[in-house]
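Below you'll find the structure, written out as structure tokens, and then a few comments.
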Amino acid sequence: MTDGVIVTSELDVKADFPIFARRSSARPPRELIYLDSGATSQKPQVVIDAVADHLSSHNANVHRGVYALAQEADAAYDGARRRVAAFTGARRETTVFTKNVTEAINLVAYSWGRANVGQGDAVLITQMEHHANIVPWQVLCRERGAELRYLEVDERGEVSLDQLDAELARGDVRMVAVTHVSNVLGTILPVAEICARARAAGAVSLVDGAQAVPHMAVDVEAIGADFYAWTGHKALGPTGIGVLHGRRELLESMEPFMTGGDMIASVDFQGATWNELPYKFEAGTPPIAEAVGLGVAVEYLSQIGMDRVRAHERALTAYLLERLGDVPGLRLTGPPEADARGGLASFTIEGMHPHDIAELADRGGVCIRAGHHCAQPLMRCLGVSATARASIGVYNEPGDIDALVDALLAGREVFGLA
Ligand SMILES: Cc1ncc(COP(=O)(O)O)c(C=O)c1O
């Protein structure tokens, strides 16, 4: 360890995550070090047990059976929604379960966008968005003759509120859709301010909270976004479950995204009426066991306390930034201070391709991601085709970062750069 940053966090939860009992593929085998929580998180035993228990002992379809077992399934699914809504300060009726955050954003682009964005209108996003918060708007704008405009990312990896004001002053922006935390730069955006300015200019706002909700206290009411979307599998929950919180008036005014099954109130030969919120946006059999797992995941995070989660990850991020400075030729993207960023760091190393960096890290038993991180427009702004990315979860420890840096230094030797 360097003596610059002292990691003071007291969180010690690795033992709650059974995957860390296995060995990595390193030669010789060693413990598994997982620094890819930005892609997906590992799952605590309580989540695995909750999903298994639901499927073993309470499984039935929801909202259709009168028998006791079906009512147990109803209670489990609806209870999960209550927990998930409470976790982010939202209401049960305006919390829609989707497959993932990508589907949640598509839902808004289709159901809200197709009724509210037309010729001469604009959608405003940032250059640092994940493809999930770019492509649905591209498709919408192309279809409706609207313009897709971007807030630029500056040298520090941030966006300018002055540019936001200038864009809003043009009077044509209908939607402002921004990420809460960049999955590449780590930047934490001032989303409450952005949503307030969008609202004052008569625009609707959407926040992609995929990289925020698992890592910091998020109160969707306080942020004031019209739509706030996130994804369960990055928040210690199972895959196949995402969340869309929406403003009630907007959700009520919108047509369904997909039709059939649970979203129906009644059907006649030529028409149908829609179920109440939130079911209107949940077509077909929903991801029941996945919702149950996510409900337990957010309860697990709540028991730790999201402020403690953030403090732990902030301290580890400061340590990660400090230790990456020990690697010659390493160029970090995004803000230099841990306070300005979530728990991740993307970087390049002169003379090594990011895929080689990830491969050499894996030889040291350390899982990190390499590639464009589904943010190809941002890669263009950064002037690279790819970066390597280390991202932190509640279970990480300072030793994980030491192992990464050791592997990076060893990798430089393999490349004859040492
Ligand atoms: C900021 C951001 N938005 C959206 C997504 C897409 O998440 P999902 O694949 O769960 O829909 C990701 C995942 O990497 C992300 O980091």
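Those residues that are at pLDDT below 95 and either within 11 Å of the ligand (Cβ to nearest atom) or in contact with a helix residue (DSSP H, G or I) (Cβ under 9 Å, 6 or more places away or on another chain) (or both), I need them from the stretch 238-263; list them, please. Those that are at pLDDT below 95 and either within 11 Å of the ligand (Cβ to nearest atom) or in contact with a helix residue (DSSP H, G or I) (Cβ under 9 Å, 6 or more places away or on another chain) (or both): ASP262, MET263.
Within the stretch 23-46, which residues are within 16 Å of the ligand (Cβ to nearest atom), buried (at least 23 other Cβ atoms within 10 Å of the Cβ) and aliphatic (A, V, I, L, M)? Result: LEU35, single match.
The residue of the stretch 178-211 that is nearest to the ligand (Cβ to nearest atom), among those that are among the charged types (D, E, K, R) and surrounded by fewer than 24 Cβ atoms within 10 Å (Cβ to Cβ), is GLU193. Taken together, the residues in the stretch 290-331 that are in contact with a strand residue (DSSP E or B) (Cβ under 6 Å, 6 or more places away or on another chain) and surrounded by fewer than 19 Cβ atoms within 10 Å (Cβ to Cβ) amount to 2. Of all residues in the stretch 382-411, those satisfying the criterion of being crowded, with 17+ Cβ neighbours inside 10 Å and of a type in the set (A, V, I, L, M, F, W, C) are LEU382, ALA386, ALA388, ALA390, ILE392, VAL394, ILE401, ALA403, LEU404, VAL405, ALA407, LEU408. A count restricted to the stretch 385-418 and to residues that are at pLDDT 95 or above, touching a strand residue (DSSP E or B) at 6+ places or on another chain (Cβ under 8 Å) and not in a helix (DSSP H, G or I) stands at 10. Looking at this structure, is PRO214 within 16 Å of the ligand (Cβ to nearest atom), touching an Asp or Glu at 6+ places or on another chain (Cβ under 8 Å) and either open to solvent by 50 Å² or more (accessible area, probe 1.4 Å) or part of a loop (DSSP other than H, G, I, E, B) (or both)? When the stated conditions are applied, PRO214 does not pass them.
Restricting the stretch 115-135 to residues that are free of Cβ contacts under 8 Å to residues at least 40 places away in the same chain and open to solvent by 20 Å² or more (accessible area, probe 1.4 Å), which is farthest from the ligand (Cβ to nearest atom)? Within the stretch 115-135, the match that is farthest from the ligand (Cβ to nearest atom) is GLN119. Looking only at residues in the stretch 156-177 that are acidic (Asp, Glu) and in contact with a strand residue (DSSP E or B) (Cβ under 9 Å, 6 or more places away or on another chain), the one that is surrounded by the fewest Cβ atoms within 10 Å (Cβ to Cβ) is ASP172. Please tell me if ARG91 is open to solvent by 40 Å² or more (accessible area, probe 1.4 Å), charged (D, E, K, R) and more than 26 Å from the chain's Cα centre (by Cα). For ARG91, the condition - open to solvent by 40 Å² or more (accessible area, probe 1.4 Å), charged (D, E, K, R) and more than 26 Å from the chain's Cα centre (by Cα) - is not met.
Any residue at all in the stretch 92-104 that's away from the ligand (no atom under 16 Å from the Cβ) and out of contact with any strand residue (DSSP E or B) (no Cβ under 8 Å at 6 or more places or on another chain)? Yes, some residue in the stretch 92-104 is away from the ligand (no atom under 16 Å from the Cβ) and out of contact with any strand residue (DSSP E or B) (no Cβ under 8 Å at 6 or more places or on another chain).
Quick check, is THR273 farther than 22 Å from GLY79 by Cβ, of a type in the set (S, T, N, Q) and out of contact with any Asp or Glu (no Cβ under 6 Å at 6 or more places or on another chain)? It is true that THR273 is farther than 22 Å from GLY79 by Cβ, of a type in the set (S, T, N, Q) and out of contact with any Asp or Glu (no Cβ under 6 Å at 6 or more places or on another chain).
Applying the criterion of being touching a Ser or Thr at 6+ places or on another chain (Cβ under 6 Å) and within 15 Å of the ligand (Cβ to nearest atom) to the residues of the stretch 217-237, the residue that is nearest to ARG389 (Cα to Cα) is LYS234. GLN138 satisfies every condition listed in (1) assigned to a loop (DSSP other than H, G, I, E, B); (2) within 16 Å of the ligand (Cβ to nearest atom); (3) surrounded by fewer than 20 Cβ atoms within 10 Å (Cβ to Cβ) except (1).
Looking across the stretch 355-370, the residues that are open to solvent by 10 Å² or more (accessible area, probe 1.4 Å) and either within 16 Å of the ligand (Cβ to nearest atom) or under 24 Å from ARG314 (Cα atoms) (or both) come down to ALA358, CYS367, ILE368, ARG369, ALA370.
For the stretch 245-261, check the following and say yes or no: at least one residue is at negative phi, free of Cβ contacts under 8 Å to residues at least 60 places away in the same chain, surrounded by fewer than 24 Cβ atoms within 10 Å (Cβ to Cβ) and of a type in the set (Val, Ile, Thr). Yes, because at least one residue in the stretch 245-261 is at negative phi, free of Cβ contacts under 8 Å to residues at least 60 places away in the same chain, surrounded by fewer than 24 Cβ atoms within 10 Å (Cβ to Cβ) and of a type in the set (Val, Ile, Thr).
The values are calculated or read from the model by the stated rules, or taken from the named source; none is laboratory data. The model shown is predicted, which means the values in this text are computed figures rather than measured ones. Don't worry about glycine lacking a Cβ; one is built from the backbone with ideal geometry, like all the others, and counts go over all protein chains shown. SASA here: full protein model, heavy atoms, side chains in, ligands and nucleic acids out. Shrake-Rupley method; radii C 1.70, N 1.55, O 1.52, S 1.80 Å.
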